[in-house]
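> Can you keep this structure in mind? I'll have questions shortly.
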Amino acid sequence: MLDYDLEKIIKSRKSIRSYIEKPLSKKDKDLINSWIDEIDFDNSIFNKKFNVKLLEVGIDAKNLGTYGVIKGAQNFLCITAKKEEGVMESIGFNFEKIILNSTANDLGTVWLAGTFKREQFKNLLDVKEDEIFPIVCPIGYASEKRNLKNNFFRKIAKSDKRKDFNEILFKEDFNTPLDINKIEEYKFPLEMFRLAPSSANRQLWKIIYKDNCFHFYRIINSKNNDGLEIERLDIGIALCHFDLAIKEKNLSGEFVKIDFIKTNNDKNLKYIISYKIK
Ligand SMILES: Cc1cc2nc3c(=O)[nH]c(=O)nc-3n(C[C@H](O)[C@H](O)[C@H](O)COP(=O)(O)O)c2cc1C
């Protein structure tokens, strides 16, 4: 059971790039560390393990490289993991719960996959040879201070908007949009999915409703050449919203991997998982 109103928190969360220049209180640090300890990999649909470390950088913060995008943050959550299939989706899915808990506790956050200097942060962590270091997430008290880079980012990424359902939700095949009002019971989880944040707000995902299942796909981003495939995180985040919403509404169904599903011969899509309605 969540101890917050999911819809309110998902709708009120937004990326915070300006922070009050003070470290987190001990109470908040303990709270955040308890959320990290509570990540329940064994009962998660994406169960690949990863590490989260809460760093305090104090006065060094100004010199830490976020290309001036982040102002004032003194604490950062840093994620490292063994490089293995499915770990990026797992980070998206399981870490988003920490983001939502933070929002519910008045703590600002923003996923950073691009605008931080990995090597500088790596010096503060113990990143092993075979590990990836995909995400840094400042966490702290939001400031109202003007942040021109934030305003620029939000404008370029159209951060206040999301794709309409007719671009992401289909029935039977990818040519036939599904009217969300025809599946009243699942309107809420699908809406929570749709509102998920994503890297550069790209929302690289599609859903097909077929045979009483929702089949989730991610759109392959051919421009992505850093080898990390950030959109794997994005689909994990969106599925976290979907799963939490299903649980909140006590809907009965289950996540299944359907092996025979290919991508309808569309090379640009990668099948992720299905949700079978019971
Ligand atoms: C996986 C991921 C990576 C992101 N990386 C960055 C980043 O490197 N720099 C940045 O300023 N914002 C980053 N963002 C924030 C997105 O730009 C933001 O979530 C999106 O524009 C929607 O805005 P909102 O979070 O305020 O709803 C990232 C978001 C996600 C989910």
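The values are calculated or read from the model by the stated rules, or taken from the named source; none is laboratory data. What you are looking at is a predicted structure, and each value in this text was computed from that prediction instead of being measured. Positions of Cβ are backbone-derived with ideal geometry, glycine not excepted, and every protein chain shown enters the neighbour counts.
> Give G227, G253 a once-over and let me know the one that is in contact with a strand residue (DSSP E or B) (Cβ under 6 Å, 6 or more places away or on another chain) and more than 21 Å from I39 (Cβ to Cβ).
That would be G253, the only listed residue that is in contact with a strand residue (DSSP E or B) (Cβ under 6 Å, 6 or more places away or on another chain) and more than 21 Å from I39 (Cβ to Cβ).
> With a cut-off of at least 2 residues that are in contact (Cβ under 8 Å) with a residue 24 or more places away in the chain and under 30 Å from I156 (Cβ atoms), name the strands (runs of 3 or more DSSP E) lying wholly within the stretch 167-278.
Answer list for the stretch 167-278: 169-171, 205-210, 213-219, 269-277.
> For the stretch 181-208, how many residues meet the condition of being at negative phi and crowded, with 17+ Cβ neighbours inside 10 Å?
Qualifying residue count, the stretch 181-208: 17.
> Quick check on F93: is it within 15 Å of the ligand (Cβ to nearest atom) and out of contact with any Phe, Trp or Tyr (no Cβ under 7 Å at 6 or more places or on another chain)?
Details: within 15 Å of the ligand (Cβ to nearest atom): yes; out of contact with any Phe, Trp or Tyr (no Cβ under 7 Å at 6 or more places or on another chain): no.
Here the answer is no, as F93 does not meet what is asked.
> Further, regarding this structure: Taking E129 and the conditions (1) more than 22 Å from P23 (Cβ to Cβ); (2) in contact (Cβ under 8 Å) with a residue 40 or more places away in the chain; (3) not hydrophobic (A, V, I, L, M, F, W, C), which numbered condition does it fall short on, given that it satisfies the others?
(2) is the only condition that E129 fails.
> To continue, here is another question. Within the stretch 56-67, is there a residue that is closer than 22 Å to L100 by Cβ and either surrounded by 12 or more Cβ atoms within 10 Å (Cβ to Cβ) or within 21 Å of the chain's Cα centre (by Cα) (or both)?
No, because not a single residue in the stretch 56-67 is closer than 22 Å to L100 by Cβ and either surrounded by 12 or more Cβ atoms within 10 Å (Cβ to Cβ) or within 21 Å of the chain's Cα centre (by Cα) (or both).
> Same structure again: Could we say that K149 is at pLDDT below 95 and either within 16 Å of the ligand (Cβ to nearest atom) or among the basic types (K, R) (or both) here?
Considered against the rule, which asks whether it is at pLDDT below 95 and either within 16 Å of the ligand (Cβ to nearest atom) or among the basic types (K, R) (or both), K149 comes out as yes.
> Testing L125 on (1) aliphatic (A, V, I, L, M); (2) away from the ligand (no atom under 14 Å from the Cβ); (3) farther than 27 Å from K71 by Cβ, one condition comes back false. Which one is that?
Among (1) aliphatic (A, V, I, L, M); (2) away from the ligand (no atom under 14 Å from the Cβ); (3) farther than 27 Å from K71 by Cβ, L125 violates only (3).
> Would you check if F41 is over 27 Å from N123 (Cβ atoms), surrounded by 15 or more Cβ atoms within 10 Å (Cβ to Cβ) and either aromatic (F, W, Y) or at pLDDT below 95 (or both)?
It is false that F41 is over 27 Å from N123 (Cβ atoms), surrounded by 15 or more Cβ atoms within 10 Å (Cβ to Cβ) and either aromatic (F, W, Y) or at pLDDT below 95 (or both).
> Name the residue, out of K71, K26, K11, that is more than 14 Å from the ligand (Cβ to nearest atom) and not acidic (D, E).
K26
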